[in-house]
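Written out below as structure tokens is the structure these notes cover.
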């Protein structure tokens, strides 16, 4: 038999040489060689993949930014940014080609990274992963439905689902006063979002335990419900009606409606649950913050039913606490990457070669000491105008719903629901963080955190007429 190629002397000699040559090229001759970053990141994606597998990628990217600055090469063809300007220059409409000083046209917005979006959303060409001409018409079909005016008209529906969640919590604490807030929020949000999107909830609040919130599991549960809603047609006061109003009567258009509706329902538990859990965790962990927040909420209304969207919208300390919670624990800590188009782009003062993967890492950005004074400390006061200690904070660094024309279309709905739900909880209940969850925010993750149970002792406020 002939000698196997892997055992040939030529291969043994050539292989290390080839590897060394490849590494040398990546480190010393690659287009990104002049950007700050460790040699092992420029040489190979091995380090990157290892950190993703361990769930440490966002912690490690933050560490690299702390060491190398606000622009860091984290892989042979990828740059990570942690400045407020990077939001607009990567995700906005003002990306500059070849050092141009004028804003680019809308059609030259950096395209989404197909590796990230394709892996998560399986190339469905939805509001989440579509680019350019495929994306804009889909967003247009929902734009009116997600205006504040339109959403305010649905306040009764929003309030009724929060009321139901509060009632279920009252029932639950009659048998046990220790509650997993992740389970509560997941189920409540899932029912609410499905009602808003297809006009029918999933009965998650009536289920025992938690419906698993991974996209793949939710897809199997939600898609049949969405398909039935689209098949039945008709005009209902839901988001599917808004999409169907503009959709053509063909298979491709119906598929896009189904995909978008499914993602709108599934995204709610992922986004809103982490925000509400973070708000509960950080305010409970700081007794003075908890006391001040409870006073603001409980002194604003003599009855829980008096709390409404306009009222909580004007609560400044509630907003400060929730903004600070999402800064400390973003629902999307990972980087939603973009690809630099042919000819390159000018980003944060430097020309970036074409086909480079670029993005703002929220975790690193929100923990950047140049952006926020005491970045690792929970300080709601930084969002108020009463404290000069945080006057130099770059508040526009915080973009929890993304930035630019592809910003999350449901950001207003998420904010309205989260504020009212959180305010109702604090009006109705006294809470105490349990020892098992004292380090709850120390979690692994990639694009989103792997949310662990958040155990809280919950008791009904003894006299609801008292502050």
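The values are calculated or read from the model by the stated rules, or taken from the named source; none is laboratory data. Only a predicted model underlies this, so the values are computations on that prediction, with no experimental measurement involved. Glycine also receives a Cβ, built like all others from the backbone with ideal geometry; neighbour counts cover every protein chain displayed.
Restricting to the stretch 452-467, name every residue that is surrounded by 12 or more Cβ atoms within 10 Å (Cβ to Cβ) and at pLDDT 90 or above.
452, 453, 454, 455, 456, 457, 458, 460
In the stretch 316-333, is there at least one residue being more than 22 Å from the chain's Cα centre (by Cα), assigned to a helix (DSSP H, G or I), touching a residue at least 60 places away in the same chain (Cβ under 8 Å) and surrounded by fewer than 21 Cβ atoms within 10 Å (Cβ to Cβ)?
Scanning the stretch 316-333 turns up at least one residue that is more than 22 Å from the chain's Cα centre (by Cα), assigned to a helix (DSSP H, G or I), touching a residue at least 60 places away in the same chain (Cβ under 8 Å) and surrounded by fewer than 21 Cβ atoms within 10 Å (Cβ to Cβ).
May I ask you to list the residues in the stretch 433-445 that are surrounded by fewer than 18 Cβ atoms within 10 Å (Cβ to Cβ) and under 26 Å from residue 61 (Cβ atoms)?
438, 439, 442, 443, 444, listed by residue number.
Residue by residue through the stretch 334-371, note down the ones that are in a loop (DSSP other than H, G, I, E, B) and under 20 Å from the mean Cα position of the chain (by Cα).
334, 335, 336, 337, 361, 367, 368, 371
Take the residues in the stretch 137-171 that are without any contact (Cβ under 8 Å) to a residue 12 or more places away in the chain and within 16 Å of residue 458 (Cβ to Cβ), then tell me which one is surrounded by the most Cβ atoms within 10 Å (Cβ to Cβ).
Among those that are without any contact (Cβ under 8 Å) to a residue 12 or more places away in the chain and within 16 Å of residue 458 (Cβ to Cβ), it is 167.
Does residue 399 qualify as being in a loop (DSSP other than H, G, I, E, B) and closer than 15 Å to residue 331 by Cβ?
Here the answer is yes, as residue 399 does meet what is asked.
Taking the condition at pLDDT 95 or above, under 30 Å from residue 150 (Cα atoms), touching a strand residue (DSSP E or B) at 6+ places or on another chain (Cβ under 9 Å) and buried (at least 17 other Cβ atoms within 10 Å of the Cβ), does residue 425 pass?
Judged against the criteria, residue 425 is a match.
Among (1) at pLDDT 75 or above; (2) loosely packed, with under 15 Cβ neighbours inside 10 Å; (3) on the phi < 0 side of the Ramachandran plot, there is one condition residue 25 misses while meeting the rest; what is its number?
(1)
Just one of 418, 414 is buried (at least 20 other Cβ atoms within 10 Å of the Cβ), modelled with pLDDT of 95 or more and within 25 Å of residue 337 (Cβ to Cβ); which is it?
Just one listed residue meets the conditions, 414.
So residue 300 clears everything in (1) over 22 Å from the mean Cα position of the chain (by Cα); (2) surrounded by fewer than 17 Cβ atoms within 10 Å (Cβ to Cβ); (3) more than 20 Å from residue 185 (Cα to Cα) except one condition, right? Which one?
In the conditions (1) over 22 Å from the mean Cα position of the chain (by Cα); (2) surrounded by fewer than 17 Cβ atoms within 10 Å (Cβ to Cβ); (3) more than 20 Å from residue 185 (Cα to Cα), residue 300 misses (2) alone.
Restricting to the stretch 45-82, give me the number of residues that are out of contact with any strand residue (DSSP E or B) (no Cβ under 8 Å at 6 or more places or on another chain) and more than 26 Å from residue 442 (Cβ to Cβ).
Result for the stretch 45-82: 1.
Is at least one residue of the stretch 389-400 modelled with pLDDT of 95 or more, closer than 16 Å to residue 272 by Cβ and buried (at least 16 other Cβ atoms within 10 Å of the Cβ)?
yes
Would you point out which residue out of 416, 431 is closer than 22 Å to residue 315 by Cα and touching a strand residue (DSSP E or B) at 6+ places or on another chain (Cβ under 6 Å)?
431
Just to confirm my filter: which helices (runs of 4 or more DSSP H) fall fully inside the stretch 141-236 and include at least 3 residues that are touching a helix residue (DSSP H, G or I) at 6+ places or on another chain (Cβ under 8 Å), modelled with pLDDT of 95 or more and over 14 Å from residue 269 (Cβ atoms)?
It comes to 155-172.
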